[in-house]
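Structure first, commentary second.
The values are calculated or read from the model by the stated rules, or taken from the named source; none is laboratory data. Please read all numbers here as calculations on a predicted model, not as lab measurements. Positions of Cβ are backbone-derived with ideal geometry, glycine not excepted, and every protein chain shown enters the neighbour counts. Heads up: the accessible areas ignore ligands, DNA and RNA and are worked out on the full protein's heavy atoms, side chains in. Shrake-Rupley method; radii C 1.70, N 1.55, O 1.52, S 1.80 Å.
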Amino acid sequence: MMRPLTTSFVRAAKSLLTGLVSSRGLRPIWWGAVVLVVVFGPGAEELWAQDGGWSVSPLSDGWSGPGFYLDWLKILLAWLVFLFWVGTTDWVSRDAQAVEMDYLRWNPIVVGVFLVAQVLLWFLPMFWVSFAILVLAWLVPLGTYIVVRNQKVEEHERVLTPSHLRYCAATVLNKFGANIEVEKRDPLLASVPVVLTPAAGNDRDNAARTLAARQTPGFPHAQKLIYDALYRRADAVMLDYSQQGVAMRLLIDGVWQNGEPLDREIGDPALESLKVLAGLNPKDRQSRQEGKLAAEYTVFRRSVFDQVEKAKEAYRQKLAPQLTKEFAAPGLSPAELQLKIKIASDERTRSRFSSPIGPWTPVELKDLAQLRGAEKVDPNRALDKMVCEIKLTSQGTATGERAVLQLEIKKTRFANLDEIGMRTKMQEELREVMGRPGGMVLFSAIPAGGLRSTLNVVLRTADRFTREFVSVEDENNRYEPVENLPVFTYKSVEGQTPASVLPNVFHTEPQVVVVRDLVNAETVEMLLAEVSHPRLVLSMIRAKDCIDAIYRVLALGVPAADLAPALSAVICQRLVRKLCENCKEAYAPTAQVLGQLGIPAGRVQAFYRPPQQRNEVCPECNGVGYLGRTGIFEMLTMNDALRQTLAANPNPDVFRQAAQKAGYRSLQDEGIVLVAKGVTSLQELMRVLKQ
């Protein structure tokens, strides 16, 4: 295979370079150079002639000079080209895989062409002709790859563009004391790293709205408003206009938080710009209006934060010997010593690597310097483009006007089930159910409970290459695209349902059918009939727990006798806020609380909560005490006994008792585990379970 061969060749070249710069490797190289100069260098032929040796007629072309001695200048030029080729070829090999290009095609091109030129370099008698061929053999394949690559990737990922060259030059010169901006900023967008765009659906209207909005005086304030909302991870922003000012509230991690109020001199122009972008009438402050716009920005990729985590771990390992000496004392048990070391190590690591920048933060490339531990990150692969769809709703009120901005980021940034919080054992159970040839798997959550993201992660981690998946979606409510998941659409605005297209779907003989919206009994009945073929069915429904999800399907008019034999498993989830690791504080729970939670005495030494007294605002969570959310999952796997109970007596209470006997663990049971681990607080768990 070319990839391992290229990698081995590059590694060998790097090892050779390492030997050249090491003190031990320099000695044989220098001695060899001295021998070459003595034997073949200038004046060597006279030295041989004086000693009665032989001499030859001088040549003035090729590699040699008079007397056939090696020309060190020509060797140096060829060696430098070789070094540059090693570096660029290694980059092509790695980059081709990173941008999903065919490295099995590009590696032979960049390697093979240069190796042929290397042979010609030694055999052609005219050095400068062969040297020119060598340089072209290096640059032409490299340039061709860059041109093809730049056409495929996003603009901020392209190389050797004016902006990229500016960044490289500024990065180098700034190390020597220069103060050069790494990117040339658009003056209209210079305030914040967020670009607001319309969502009209056609280029002409979008261009007109963009031009009109940028000419309004409140456009920079509108940008700043959306940037602050994204920076604080808000899902919605509510603006209440009155004569006194503009009150702001932000929905952060499912909880409304008060924001900084705005003056009317800022709030009114900002809303005017947003309405223009959304195609609304900015002068109408009474009627109900709805429109859409979008925010485009970039965030740091997960690989950047993975690099930071590696740096944190390396720092902890470096601290361990120092802290061991610092805390070692007579009478201190090994367990107590390890605990003190861990606490101190965590505190110092948090202090060293604390940063307000997270995976969600709108950033620019120059912000990479603010992340300690990301010094070795490739800048060309650091940014990820994001698009946030914004629904703007305005309505006149008794005191003025209320505007609500609902922010929805379509792109799911979770890579696997670990990142959304599902336990390893539950993941194994889910994989076993998903691996069955037939059956129905039902995913459920309350509204705004993260159900879309969870199913997207499940689909991405499923084997969509050896099994044929098909999805059915509403044309006006499309979900995030998943690779190798073809989509059949229906038009709900014309009265169609998934049942309208399912016959055509089944004719394609898919092995897995994804119908996320169970809108009526006809759709469910058609899916249940296909389970026995066998065919696996994945669906979603809004419910508060697994038992409620089953009975909401039955409420559509589906007979329990039809659902019971087809249902394989039900997964339900809630989203709970995670405590900020930078500022959470520990406290000892009482024995009564531990008893109520079913935790044996002595099993858990401390619970955690947000800081009760804040001397300063935490830079990571902005003083909220929580940072991000994770899922609490419960899973009910059906067995024969449960199927018989469901089919014979579809009573929720009876079925719940049967499920508990079968080992069903509720959301509360799963949430207590997160409290005991310090992931969330008991107060937050109680709040979520009351929803």
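Couple of notes before you dig in:
- Gap separating the Cα centres of segment 525-544 and segment 555-584, nearest whole Å: 15
- Of every Cα-Cα pair in segment 277-342, the percent that sits beyond 15 Å: 72
- Binning all Cα-Cα separations of segment 305-408 at 5 Å, short to long from zero, yields these whole-percent fractions: 2, 9, 15, 13, 10, 10, 9, 8, 7, 6, 4, 3, 2, 1, 0.
- Residue 366 paired with residue 151, simple spin-label distance in nm, labels 7 Å along Cα-to-beta-carbon: 3.4
- Here the sum of -39500 (n - 2.57) over DSSP H runs of 4 or more residues, divided by the residues of the chain, equals -15000 deg cm²/dmol at 222 nm, to the nearest 500.
- Between residue 653 and residue 622, the contour length at 0.36 nm per residue exceeds the Cα-Cα span by 6.8 nm.
- Considering only beta bridges that DSSP places wholly inside the chain, some 70 percent are antiparallel.
- Shown here: the chain, whose C-alpha atoms stretch 114, 69, 67 Å along the first, second and third principal axes, sorted largest to smallest.
- Cα point-scatterer Debye curve for segment 596-680, base-10 log of I(q)/I(0) at q = 0.13, 0.18 Å⁻¹: -0.64, -0.89
- For the chain, accessible area per residue (1.4 Å probe, heavy atoms of protein chains only), Å²: 53
- When a 1.4 Å probe is rolled over the protein heavy atoms, the share of accessible surface on the chain that falls to carbon and sulfur comes to 56 percent.
- All C-alpha to C-alpha distances of segment 70-126, sorted into 10 Å bins beginning at zero, yield P(r) values of 20, 44, 24, 11, 1 percent in whole numbers.
- Taking every full run of DSSP H in the chain, the ones that stretch at least 24 Å from end to end by Cα along their long axis and average 1.0 or higher on the Kyte-Doolittle scale are 23-40, 103-123, 127-152.
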